[in-house]
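A.B. asks: One structure, as structure tokens, below. Some questions next.
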Amino acid sequence: LQQRGELRIKEIEAALGVTATAVRQQLNALVAEELVARTMVREKRGRPHAIYRLSEKGQALFARGYANLATVLLEEILEVAEPELAQKLFRRVSARLGEQYAGQMPGEALSERLEALEKRLQSHGIITQVDEAEELFVLTEYGCPYFRVAQQHREVCEMEIEAMEQALGTEVTLCHSQLDGHHGCQFQVRK
């Protein structure tokens with residue numbers, strides 16, 4: 001679908017060399033996950049048939065080079081910007097990320113909001129794990145999404161913390177950082 005656009009089941013079957021049943025099963029699963037969109041088409045004669053294409057969510061799974069472009073842009077902005085401007089930029093990005101995260105936080109319970117944040121991070125390719133302790137939760141991100149920029153500008157870590165605090169409505173502390181040689185970034189989230 002990524003290479004050919006909209007296709008019928010017969011076309012997918014021929015391209016992959018598998019049965020129509022196998023194609024239907026996979027497509028139904030992908031449609032249920034909203035990675036593939038199904039459109040019913042009615043021709044002048046005969047029964048209507050389905051055409052399948054990648055959804056926006058499905059297209060987002062394919063590398064587009066946005067992450068590298070964003071990293072290079074940020075590095076260049078930070079290179080030429082005055083320190084005060086850079087701080088203002090990080091605060092604005094933090095607020096915007098916090099708003100985006102918060103907009104996808106169902107429920108009132110912190111555990112529900114944390115679970116939603118974890119899913120949001122995972123949808124962006126960040127492997128995460130949440131553990132619960134007596135007085136706090138521990139959110140671990142394996143593979144820093146901002147590693148290259150954060151090596152030069154630790155303000156990115158503060159930006160992430162502030163966005164999480166805004167989304168979760170509680171104090172978040174970075175207790176381990178990949179930048180310091182740890183296996184991942186670990187955040188303590190106060191209950």
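A.B. asks: Run the simple label-point estimate for residue 44 and residue 31 please: 7 Å along Cα→C-beta, distance reported in nm.
C.D. replies: A separation of 2.7 nm, rounded to one decimal place.
A.B. asks: Match the structure shown to one of the listed values (i) 15.2; (ii) 12.5; (iii) 41.2 of mean projected area of the Cα convex hull in nm², computed from it, and give that label.
C.D. replies: (i)
A.B. asks: Also, I was wondering about something else. What percent does the relative contact order of the chain come to when contacts are Cα pairs within less than 8 Å and at least six residues apart?
C.D. replies: 16
A.B. asks: If you don't mind, there's one more thing I want to ask. Mind listing P(r) for region 70-109? All alpha-carbon pairs, 10 Å bins, whole percents.
C.D. replies: Percent of pairs per bin, in order: 27, 39, 21, 12, 1.
A.B. asks: Give the cross-link partners of residue 88 among the lysines, using a straight C-alpha distance below 30 Å as the criterion and excluding same-chain residues fewer than 8 apart.
C.D. replies: Within the straight-line limit of under 30 Å, residue 88 reaches these lysines: 119, 191.
A.B. asks: How tilted is helix 155-168 with respect to the longest principal axis of the chain? Cα atoms for both, answer in degrees (0 to 90, nearest 10).
C.D. replies: 70
A.B. asks: What distance in nm separates the two pseudo spin-label positions at residue 158 and residue 81, each 7 Å out from Cα along the beta-carbon direction?
C.D. replies: About 1.2 nm separates the two model spin labels.
A.B. asks: Let me ask something additional. Tell me, in nm to one decimal, what length is gained between residue 19 and residue 56 on full extension, where the rule is 0.36 nm per residue of separation less the Cα-Cα distance?
C.D. replies: Extending this stretch completely gives an extra 10.7 nm.
A.B. asks: Note the full-extension length gain between residue 142 and residue 171 as 0.36 nm times their separation in residues minus their Cα-Cα distance, in nm to one decimal.
C.D. replies: Stretched fully, the residue 142-residue 171 segment lengthens by 8.4 nm.
A.B. asks: Turning to a different aspect of this structure: Counting alpha carbon pairs within less than 8 Å and at least 6 residues apart, what relative contact order, in whole percent, applies to region 9-60?
C.D. replies: 30
A.B. asks: Choose one answer from 18, 72, 138: the residue with the largest mean-square fluctuation in a GNM of the chain with alpha-carbon springs under 10 Å.
C.D. replies: Of 18, 72, 138, the most mobile in the Gaussian network model is 18.
A.B. asks: Now for a different question. Name the longest site-free stretch of the chain, where the excluded sites are GluC sites (Glu not before Pro) in a DSSP loop with no more than 15 other beta-carbon atoms within 10 Å.
C.D. replies: 44-107
A.B. asks: Under the 0.36 nm per residue contour assumption, what length would be gained going from the current alpha-carbon distance of residue 132 and residue 2 to full extension?
C.D. replies: 42.8 nm
A.B. asks: Another question, then. Taking R0 as 35 Å, what's the FRET efficiency between residue 122 and residue 95 from their Cβ-Cβ distance, rounded to 0.05?
C.D. replies: Calculated transfer efficiency: 0.95.
A.B. asks: What number results when the radius of gyration of region 9-60, computed over Cα atoms, is divided by 2.2 N^0.38 Å?
C.D. replies: Cα-based Rg divided by the globular estimate yields 1.19.
A.B. asks: Relative to the longest principal axis of the C-alpha atoms of the chain, give the angle of the C-alpha long axis of helix 20-32, reported between 0 and 90° and rounded to the nearest 10°.
C.D. replies: 40
A.B. asks: Mind listing which trypsin sites (Lys or Arg not before Pro) in region 10-105 are in a DSSP loop and have 16 or fewer other Cβ atoms within 10 Å?
C.D. replies: Answer by residue number: 42, 44, 45, 64.
A.B. asks: Still on this structure, please answer the following. Output ³J(HN,Hα) for region 170-176: one whole-Hz value per residue in order, computed from phi by the Karplus curve 6.51 cos²θ - 1.76 cosθ + 1.60 with θ = phi - 60°, and x for Gly and Pro.
C.D. replies: Each residue's phi maps through the Karplus curve to give 8, 6, 10, 10, 7, 9, 9 Hz.
Values in this text are rule-based calculations from the coordinates and carry no lab data. Here the structure is a predicted model, which means the values were calculated and not measured. Please note: Cβ atoms are built from the backbone with ideal geometry, for glycine as well, and neighbour counts cover all protein chains shown.
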